[in-house]
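Below: one structure, written as structure tokens.
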Amino acid sequence: MPESADAVVVKRRTDAPPTFFAWEAAGLDWLRAAGGVDIVEVRDVGAHHITLDRVDEHPASGAAAEQLGRDLALTHSAGAATFGAGPPDWTGDGFIGRQPLALQSFSTWGEFYARTRVLPYARAAQRVGNFDPDGVRLVERVCTRLADGHFDDDRPPSRIHGDLWAGNVLYAGNDGAGGVRAVLIDPAAHGGHGLTDLAMLALFGTPYLPQVLGAYAEAAGLAAEWRELIGLHQLHPLLVHAVSHGAGYGRQACDVASGYA
């Protein structure tokens, strides 16, 4: 649980795997190095804790949401070595929430997404009883199309946050002009597709979502049909939640997958 004291927040987990907080710190540092969106500063990290600057939160504004979209596009444009790569010098896998997150290098987004983001979590959700065999077979059909390159485009790997739901977007009064700016926390940062971050924001909702999406699409030069692919990029977070939060997310994943099979 996070603890706050003056200007810092300390997150502790006594049962954390050895690299759990180091992974968070590495992702924050990597995203910050990209420029673009503001990233919370890491003060200290150990096996069972991470100490971060405290974010003085304020309500979001439409202008700040638009700026988030533009800044996120800039962060993504810093790129990654490959699809599936973690921060430089990181070895081993990472985490998304408390679940493991495979880090393997791929030359195409579709194969990466199918083999390390969608199919493993569908099978894990089935093992815990939150996803039925028909759902797994449906996801397997989608993954075949993914791996075959049906949904690939010519964009290089983006440096993405990887777990960009609204709870990981804080708004702080730190722009020096009386307004607010977004600050990101708690990433699962890796080389992926920029739409993945947008898809998670859209899945769980965030203040002024249309402004975020519109500003990002313009800044990143997205193709006209980008909205049609948002559901595909939501399959991974839906299946992650199916593993840990119940069969309702598994049913939602099936509904989404049916549009891409």
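The values are calculated or read from the model by the stated rules, or taken from the named source; none is laboratory data. Everything numeric here is computed off the predicted structure, so don't read it as measured data. Cβ atoms come from the backbone with ideal geometry, glycine included; neighbour counts cover every protein chain shown. Accessible surface is based on the protein model in full, side chains and every heavy atom, while ligands, DNA and RNA are left aside. Shrake-Rupley method; radii C 1.70, N 1.55, O 1.52, S 1.80 Å.
Quick look at the numbers
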read-out	value
Criterion violated by ALA63 - all others in (1) under 30 Å from ARG155 (Cβ atoms); (2) open to solvent by less than 60 Å² (accessible area, probe 1.4 Å); (3) out of contact with any helix residue (DSSP H, G or I) (no Cβ under 6 Å at 6 or more places or on another chain) satisfied	(2)
Test for THR196: is it of a type in the set (Ser, Thr, Tyr), at pLDDT 95 or above, touching a strand residue (DSSP E or B) at 6+ places or on another chain (Cβ under 7 Å) and not in a helix (DSSP H, G or I)	no
Residue within region 217-237 that is over 29 Å from ALA81 (Cβ atoms) and modelled with pLDDT of 95 or more present	no
Subset of region 241-253 (residues that are in contact with a Gly (Cβ under 8 Å, 6 or more places away or on another chain) and crowded, with 19+ Cβ neighbours inside 10 Å)	ALA242, GLY250, ALA253
For GLY194: the one exception among (1) out of contact with any Pro (no Cβ under 9 Å at 6 or more places or on another chain); (2) free of Cβ contacts under 8 Å to residues at least 24 places away in the same chain; (3) not hydrophobic (A, V, I, L, M, F, W, C)	(2)
From the options VAL128, VAL142, VAL40, residue that is in contact with an Asp or Glu (Cβ under 8 Å, 6 or more places away or on another chain) and either modelled with pLDDT of 95 or more or acidic (Asp, Glu) (or both)	VAL40
All positions within region 126-144 that are among the β-branched types (Val, Ile, Thr) and under 16 Å from VAL240 (Cα atoms)	VAL128, VAL136, VAL139
Counted residues, region 147-171 - those being open to solvent by 30 Å² or more (accessible area, probe 1.4 Å) and among the β-branched types (Val, Ile, Thr)	0
Subset of region 132-181 (residues that are basic (Lys, Arg), in contact (Cβ under 8 Å) with a residue 12 or more places away in the chain and part of a helix (DSSP H, G or I))	ARG141, ARG145
Residue match in region 45-60 (condition: among the aliphatic types (A, V, I, L, M), assigned to a strand (DSSP E or B) and touching a Ser or Thr at 6+ places or on another chain (Cβ under 9 Å))	yes
Verdict on VAL212 being more than 19 Å from VAL136 (Cβ to Cβ), β-branched (Val, Ile, Thr) and either open to solvent by 20 Å² or more (accessible area, probe 1.4 Å) or within 19 Å of the chain's Cα centre (by Cα) (or both)	yes
Criterion: surrounded by 22 or more Cβ atoms within 10 Å (Cβ to Cβ) and either farther than 19 Å from TRP165 by Cβ or in contact with a Pro (Cβ under 6 Å, 6 or more places away or on another chain) (or both) - qualifying residue of ALA102, ALA33, ALA85, ALA122	ALA122
